[in-house]
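The values are calculated or read from the model by the stated rules, or taken from the named source; none is laboratory data. Since this is a predicted model, take the numbers as computed values, not measurements. Neighbour counts run over all protein chains shown; Cβ positions are idealised from the backbone, glycine included. Heads up: the accessible areas ignore ligands, DNA and RNA and are worked out on the full protein's heavy atoms, side chains in. Shrake-Rupley method; radii C 1.70, N 1.55, O 1.52, S 1.80 Å.
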Amino acid sequence: MQNNWQHNARNTLKGASRCNDFFQSDQFEDQHFPIKIPLEFANLIDKNNPDDPLLKQVINAQARLGNSEFSLSPLDDESNAPVEGLIHKYPNRVLLITSRVCAIHCQYCFRQNFDYSGHDAMSNWLAIEDYIRSHQSVNEVILSGGDPLSLSDEKLEKLIKNIENIKHVKLLRIHSRSVVVTPSRITDKLVKILSKTALKVVLVTHINHENEISEAFIKNIGNFDNVTLLNQSVLLAGVNDDSNTLERLSLKLFDVGILPYYLHMLDKVKGAEHFLVSDEYATQLHQNLKKNLSGYLVPKLVRDENLAAKTWV
Ligand code: SF4
């Protein structure tokens with residue numbers, strides 16, 4: 001199974017020419033944030049629909065609106081990194097940059113310009129461990145990236161064991177888009193590692209549209225035991241910015257055992273201007289969700305600000 005996901009991770013669509021051919025499109029360009037689309041995700045896209053909501057997340061020949069509110073690094077992660085590879089913004093939790101690699105390149109990604117050089121929690125573990133041990137208020141470690149599940153199962157297991165050894169850390173949160181765009185990443189070994197650790201594990205899937213939820217994903221995500229499954233989405237113009245789409249996503253997530261958790265306003269990163277949804281419209285969409293769904297199916301509408309994730313409504 002593991003070889004299968006590693007093979008699939010290498011078997012991606014890259015480069016404008018190949019992508020334009022594959023999707024019979026002229027919307028791909030070779031730009032600073034290179035195109036990367038795993039075949040498991042590409043095969044879910046309707047090639048006859050130029051407005052396919054999955055296709056729109058990876059197309060990069062966007063209108064350049066030149067909005068001055070958009071910056072290269074909207075969350076300024078770099079200035080909240082007391083140790084290389086570790087970001088500390090909130091008293092009880094730290095975030096580790098475990099990998100610079102992602103299974104897919106999402107064109108709305110707020111880290112698309114992030115300078116990963118030096119930020120490698122894996123090679124800087126000893127300094128990170130010292131930092132966490134000296135901050136007793138930290139009870140949760142969040143694995144981020146890139147995508148932490150681009151690490152091999154062996155590396156992940158070692159990292160999790162190291163975290164387990166810090167007694168005041170009780171919670172492990174893993175944010176991953178790999179699990180849905182390459183469901184073969186949910187190997188038997190990964191399931192075992194996350195289900196057996198002494199830490200309480202929360203796996204936050206990053207799913208924006210119900211069409212991303214494939215049969216393979218449903219089958220594999222159902223294998224986790226003792227793992228809390230939450231989802232966060234980004235509210236993206238042209239992808240999921242209507243009430244019906246968001247309602248269907250919440251219902252589908254719940255159907256496969258995942259609770260909708262956050263609906264993020266777009267982080268204003270240069271290159272993603274065309275995905276922006278206005279505050280007014282986002283509020284209206286969220287009101288509709290509250291009207292039409294039970295409370296536990298309504299994700300919190302939030303915006304990341306420099307030092308805090310703020311609930312929007
Ligand atoms: S998977 Fe996450 S970190 Fe990677 S490109 Fe997509 S949004 Fe960015």
Can you tell me which of (1) open to solvent by 30 Å² or more (accessible area, probe 1.4 Å); (2) within 16 Å of the ligand (Cβ to nearest atom); (3) free of Cβ contacts under 8 Å to residues at least 60 places away in the same chain is the one L149 doesn't meet? (1)
Lone unmet requirement of (1) open to solvent by 10 Å² or more (accessible area, probe 1.4 Å); (2) within 16 Å of the ligand (Cβ to nearest atom); (3) under 22 Å from L39 (Cβ atoms); (4) among the basic types (K, R) for K268: (3)
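Residues of the range 72-81 being loosely packed, with under 15 Cβ neighbours inside 10 Å, more than 15 Å from the ligand (Cβ to nearest atom) and at negative phi, which ones? Outline the logic, then answer.
Start the filter on the range 72-81 by keeping residues that are loosely packed, with under 15 Cβ neighbours inside 10 Å, which leaves 72, 76, 78-79.
Checking the rest, the ones that are also more than 15 Å from the ligand (Cβ to nearest atom) come to 76, 78-79.
The answer is E78, S79.
Taking strands (runs of 3 or more DSSP E) that do not extend beyond the range 176-270, which have at least 3 residues that are among the hydrophobic types (A, V, I, L, M, F, W, C) and at pLDDT 95 or above? Even if it seems obvious, please write down each step before you answer.
Numbers: elements: 200-206, 227-234, 259-264.
Hits in the range 176-270: 200-206, 227-234.
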Consider only pairs whose beta carbons are under 6 Å apart and that are at least six residues apart or on different chains; among these, list those whose first residue lies in the range 102-122 and is under 21 Å from A237 (Cα atoms) and whose second residue is within 13 Å of the ligand (Cβ to nearest atom) and among the acidic types (D, E). F110/D267
Taking interchain pairs and intrachain pairs at least six residues apart, which have beta carbon atoms under 6 angstrom, with the first residue in the range 1-27 and modelled with pLDDT under 90 and the second open to solvent by 80 Å² or more (accessible area, probe 1.4 Å) and not in a loop (DSSP other than H, G, I, E, B)? M1/D188
Of the numbered conditions (1) closer than 30 Å to K170 by Cα; (2) at pLDDT 90 or above; (3) of a type in the set (S, T, Y), S79 satisfies every one except a single condition; which is it? (2)
Of these, E40, E29, E84, which one is acidic (D, E) and within 16 Å of the ligand (Cβ to nearest atom)? E40
Filtering the range 19-38 down to residues that are surrounded by 13 or more Cβ atoms within 10 Å (Cβ to Cβ) and within 21 Å of S178 (Cβ to Cβ) yields C19, F22, F33, I35, K36, I37, P38
Any residue in the range 222-238 that is open to solvent by less than 10 Å² (accessible area, probe 1.4 Å) and either in contact with a Lys or Arg (Cβ under 7 Å, 6 or more places away or on another chain) or more than 16 Å from the ligand (Cβ to nearest atom) (or both)? no
Given (1) buried (at least 21 other Cβ atoms within 10 Å of the Cβ); (2) of a type outside the set (S, T, Y); (3) without any contact (Cβ under 8 Å) to a residue 40 or more places away in the chain, number of the condition I166 does not satisfy: (1)
Could you list, in sequence order, the residues of the range 96-119 that are under 14 Å from L149 (Cα atoms), in a loop (DSSP other than H, G, I, E, B) and away from the ligand (no atom under 11 Å from the Cβ)? T98
Positions within the range 86-95 being under 16 Å from I166 (Cβ atoms) and outside any loop (DSSP other than H, G, I, E, B), in sequence order: L86, H88, R93, V94, L95
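Anything in the range 186-211 that is within 12 Å of the ligand (Cβ to nearest atom) and either among the β-branched types (V, I, T) or in contact (Cβ under 8 Å) with a residue 60 or more places away in the chain (or both)? List them, or say none.
In the first step, residues of the range 186-211 are kept if they are within 12 Å of the ligand (Cβ to nearest atom); the result is 204-208.
Passing the criteria: V204, T205, I207, N208.
Residue-by-condition table, conditions (1) of a type in the set (S, T, N, Q); (2) out of contact with any His (no Cβ under 8 Å at 6 or more places or on another chain); (3) open to solvent by 60 Å² or more (accessible area, probe 1.4 Å):
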residue: C109; (1), (2), (3): no, yes, no
residue: G118; (1), (2), (3): no, yes, no
residue: H175; (1), (2), (3): no, no, no
residue: I186; (1), (2), (3): no, yes, no
residue: K196; (1), (2), (3): no, yes, yes
